[in-house]
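Participant: One structure, pasted below without further comment.
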Amino acid sequence: MPSRMEAMSIPKELKKLILYLPALFCLILFVVYGLVDYWIIGVIADPVEISRYNFGAEAMIAHGGEKYRSSNAYAISSLVIGMLSVIGMVASLFMLYKSKHKALLKAYCCSGVTLLAVVLVGHAW
């Protein structure tokens with residue numbers, strides 16, 4: 001007869017996912033940020049939203065970088081950020097579930113590298 005503690009234990013895979021949730025939420029935020037901006041500025045090309053960004057203004061370019069030179073450049077940088085985050089999230093989840101040893105550490109490291117790359121791409125663009 002299983003003890004009460006054994007009956008209430010959380011499965012190992014669910015436990016890893018729960019411990020990985022902070023990094024997963026952070027990656028999801030970058031996915032949503034990148035892909036929603038790409039959708040609104042690049043695909044829908046909503047004129048009201050585009051006019052709010054003041055693309056091409058010297059102040060925007062000086063403060064935000066070259067991605068504010070045009071709506072097309074901003075849309076492409078948002079797409080790159082979103083897709084880079086998706087790739088990092090998939091790779092992290094793959095490591096979390098397929099790795100035999102120190103899976104949680106590997107998933108967090110992959111997330112950290114992805115977030116660093118996203119920040120560097122977003123800043124350097």
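The values are calculated or read from the model by the stated rules, or taken from the named source; none is laboratory data. All values reported here derive from a predicted model rather than from experimental measurement. Every residue, glycine as well, gets a Cβ built from its backbone with ideal geometry; the counts of neighbours run over all protein chains shown. Surface areas here come from the heavy atoms of the whole protein model, side chains and all, with no ligands, DNA or RNA. Shrake-Rupley method; radii C 1.70, N 1.55, O 1.52, S 1.80 Å.
Participant: Just to confirm, what accessible area per residue do you get for the range 86-125 at 1.4 Å probe, in whole Å²?
Facilitator: With all protein chains present, the range 86-125 gives 65 Å² per residue.
Participant: Continuing with this model, one more query. Given the C-alpha centroids of the range 10-36 and the range 40-89, what is the distance between them in whole angstrom?
Facilitator: 25
Participant: What percent does the relative contact order of the chain come to when contacts are Cα pairs within less than 8 Å and at least six residues apart?
Facilitator: 29
Participant: So, one more: What number, rounded to the nearest 500 deg cm²/dmol, is the helix-based mean residue ellipticity at 222 nm of the chain, given -39500 (n - 2.57) per DSSP H run of at least four residues and division by all its residues?
Facilitator: That comes out to -25000 deg cm²/dmol.
Participant: Calculate how steeply helix 71-98 sits against the longest principal axis of the alpha-carbon atoms of the chain, using the helix alpha-carbon long axis, and give the answer as 0 to 90 degrees to the nearest 10.
Facilitator: 10
Participant: How much accessible area per residue does the range 23-82 have, in Å², with a 1.4 Å probe?
Facilitator: 56
Participant: Return the distance in nm (one decimal) between the two label points of a simple spin-label model at TRP39 and ALA117, each offset 7 Å from Cα along Cα→Cβ.
Facilitator: It is 2.3 nm.
Participant: Another one. On the protein heavy atoms, probe 1.4 angstrom, tell me the percent of accessible surface of the chain carried by carbon and sulfur.
Facilitator: Reported share for carbon and sulfur atoms: 72 percent.
Participant: Another question, then. May I ask for the net charge around SER77, where only other residues with Cβ less than 13 Å from the Cβ of SER77 are counted and Lys, Arg are +1 while Asp, Glu are -1?
Facilitator: On the way: positive: LYS67, ARG69; negative: ASP37, GLU66.
Every neighbour counted, the sum reads 0.
Participant: Now for a different question. Can you list the lysines whose alpha carbon sits under 23 Å from that of LYS12, skipping same-chain ones fewer than 8 residues off?
Facilitator: Hits, sequence-local ones excluded: LYS98, LYS100, LYS102, LYS106.
Participant: While we're looking at this one, here's another question. Tell me which residues come under 5 Å, amide H to amide H, from ARG69 once H is placed; ignore anything under 5 positions away on its chain.
Facilitator: The list, which skips near neighbours in sequence, is GLY56.
Participant: While we're on this one: Which order do peptides 15-27, 75-87, 104-116 fall in by mean Cβ count within 10 Å, highest first? Each step should come with its number before you reach the end.
Facilitator: Numbers: 15-27: 15.1, 75-87: 19.4, 104-116: 17.3.
Those peptides, ordered most packed to least, come out 75-87, 104-116, 15-27.
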